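The structure under discussion appears below in the form of structure tokens.
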Amino acid sequence: MSILLQIIEYPDAITNLTSRLIAKIPYAVTVWKVLALIWVLSLCYLVFYINKRPSNTRYIPVYLTLAIVGIIGFRFPNLVLPMLNYDEADWAVCAATLWNKSVFWKDVDATTSGPLNIYPLLIIKILGGNINYFTLRLFLLLFCCVPTVIFSFQAFKKYATPSLAVALTAPLVIGFALLNDTDLVSFDSTYIPMVVLALAYYLLFSIGHLKNQVQGAVALAFVLGLFPFIKLQAVPVAVGLGVWLLYSAFFLWKFSLRSIVLILISSLAPCILVGIYIAVQNIHTDFWESYVLNNLLYAELGIVSEEKSWWFKLRVPIYLIDTSPTIALFFYALGAVALASGVYCFLNFKRIEFRNRIDMIGATAVFFLSYYAISQPGNICHYYLILIIVPLFFMTSLNVLLAKKLMDATGGRYGNTVLLALLLTTVGLQGFASIRKGSLGVNNVAEGYRGIVNPPLIEQIKELVEPNDLIAVLGYRPDIYISSNTLLGIREAQTTRMHFAFKDLQKDYYQNRIASDIITNKPKLVIDASLNSNGSYPYNDSTTIYENYPVLKKTIDSNYVHHTTIDQIRIFVAR
């Protein structure tokens, strides 16, 4: 098959070429660190220079260009790495399958992610690329990290001044550019919610500057209404922003009751549209069972299907931060700045203007809701931290701005100096900590990584199928789809929901659905990876083999025959 017609291409030529080019750079690890140090120092100098006098704002385009180049350039070596976590493969094959079969919840089920977390990945194919880990992470940089910085800059340009927006966004820029923790540089389901949150903040801060404020509020309400169909885990954050919007609309902007009703209708519009979509496609049972009910159970019980104490859940975000060395100082430094400036504002609360009080309380509430959202399942998933980056950034920035405003109001001359000192210290701490660790991608290439060599299992699968063929993988090995360039023959890229099924509450639903998908889609292969246990996701074991599910056993035994077993993974071919 022509490479142009393939949907998934892995290993791909760009990944292999880029890794070989990095390998040819003498002292690549040192070169990356030196360039990163020069970049951080240049960025800090620009922040200080732009804030030195008003006329220096003409250098803001230079700052933004340097910021964007740094984010893409210093993260670029990470694009060549193989799969960094199983979710990365999960979302990739879901998107690839949607390119051929477009009905979400009928052809593809992304478990905890809604359709708006997967459909955007089709931009990769629209722009002429094939889906793989390289293009997935490039999408992350171009369409998630860079827009988040731009929306954040524009938000504070509206809320304060362009020069202060430069100073406030510097920690965010450094954090994105030099982030090198394995579970955070991979593409995951928290990145699209992150950029949509940044867009929501930008819209919120823009409303007061619009001629037609109601239109701006209605647009923001619609964006917030999208969150249930991006990732349910982020809904508490969207609800917090929605309450902030309604409170501001009623008490600050003095909207009429009719305008408030319009805002509420706009926030419900995505639900209405999805409801129509579900009715037309006749997938209401699947929507309820696999997305709503399953996610509610998941939020309560987590991936191990066990209830955890509130004390355990409360400590989960702190543990995740402690074990993420290149971003830990980002959270702790920003958190310390937020606490110090927040205490100062609280002690002077009566002097704060009404509008600023609303914003301070709103930003703080949204941050704590994001903290709750990532702690509730009790899962030790480091990529959850992406969900609190934007809320923490905006809470810290607002507190710092209000503290500066209070200092300036008392005739103090050092408000701007204190702000710059705090932010540049934050930038310096996180930047130098990340530089010391180095680039994850460059380090791996320096240690000998030169691209992927297919193991015997994948070579065997490739002998039996063509690219874009449908196969069904049972167990938790979504990477098999990517490595074999195949698409989903069942709705899920992983079948663990059937295996542990939350105390058997949905066991029958999942085995019946998987069996039905196999009969309908007729995948060329059924691959049972249930016995292929691994340390990163130890839910493949003898209790999860397909023979333990009567409906599934009957379907597979009637339509497939055992071909071979490699590394305890059984391959069945169609009769």
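List of remarks:
- Computed in the context of the full set of protein chains, the accessible area of region 1-157 at 1.4 Å probe radius has 71% of its extent on carbon or sulfur.
- Protein-only accessible surface order, largest first, of 194, 360, 83 at 1.4 Å: 83, 360, 194
- Signed unit charges on C-beta, dipole axis of the chain, positive-most listed residue 141, 467, 66: 66
- At 0.890 mPa s and 25 °C, Stokes diffusion of region 158-269 via Kirkwood alpha-carbon radius, µm² per second: 158
- Relative contact order of the chain, taken over Cα pairs closer than 8 Å and 6 or more residues apart, is 20 percent.
- Computed with every protein chain present, the accessible area of residue 425 is close to 80 Å² [probe 1.4 Å].
- Solvent-accessible area of residue 183 with every protein chain in place, 1.4 Å probe, in Å² to the nearest 10: 40
- With all protein chains in place and a 1.4 Å probe, the accessible surface of region 266-393 carries 71 percent carbon and sulfur.
- The Cα-based radius of gyration of region 13-443, divided by its Kirkwood radius, gives an Rg/Rh of 0.96.
- For region 456-574, the solvent-accessible area with a 1.4 angstrom probe is 37 square angstrom per residue.
- Counting only protein heavy atoms and a 1.4 Å probe, region 100-247 has 26 square angstrom of accessible area per residue.
- The alpha-carbon atoms of region 456-574, seen along their principal axes, cover 38, 33, 21 angstrom, with the largest extent given first.
- Axial C-alpha extent at least 24 Å, average Kyte-Doolittle at least -1.0 - helices from the chain (DSSP): 28-50, 257-281, 325-347, 354-375, 386-409, 415-437
- Solvent-accessible ranking of 407, 395, largest area first, probe 1.4 Å: 407, 395
- Summed residue charge, Cβ within 14 Å of residue 150's Cβ, Lys/Arg positive, Asp/Glu negative: +2
- Portion, in percent, of the accessible area of region 456-574 that falls on carbon or sulfur, probe 1.4 Å: 50
- Nearest-10 value in Å² for the accessible area of residue 53, using the 1.4 Å probe: 110
- Largest accessible area first, the residues 291, 45, 86, 27 order themselves as 27, 45, 86, 291 under a 1.4 Å probe with ligands, DNA and RNA left out.
- Rule-of-thumb Rg ratio for region 28-98 [Cα; 2.2 N^0.38 Å; N residues]: 1.62
- The lysines within cross-link reach of residue 24, meaning a Cα-to-Cα straight distance under 27 Å and a gap of 8 or more places when in the same chain, are 33, 437.
The values are calculated or read from the model by the stated rules, or taken from the named source; none is laboratory data. It should be emphasised that the depicted structure is a prediction, and the values quoted were computed from it without experimental measurement. Don't worry about glycine lacking a Cβ; one is built from the backbone with ideal geometry, like all the others, and counts go over all protein chains shown. We work out accessible area using only protein heavy atoms, side chains counted, and drop any ligands, DNA or RNA first. Shrake-Rupley method; radii C 1.70, N 1.55, O 1.52, S 1.80 Å.
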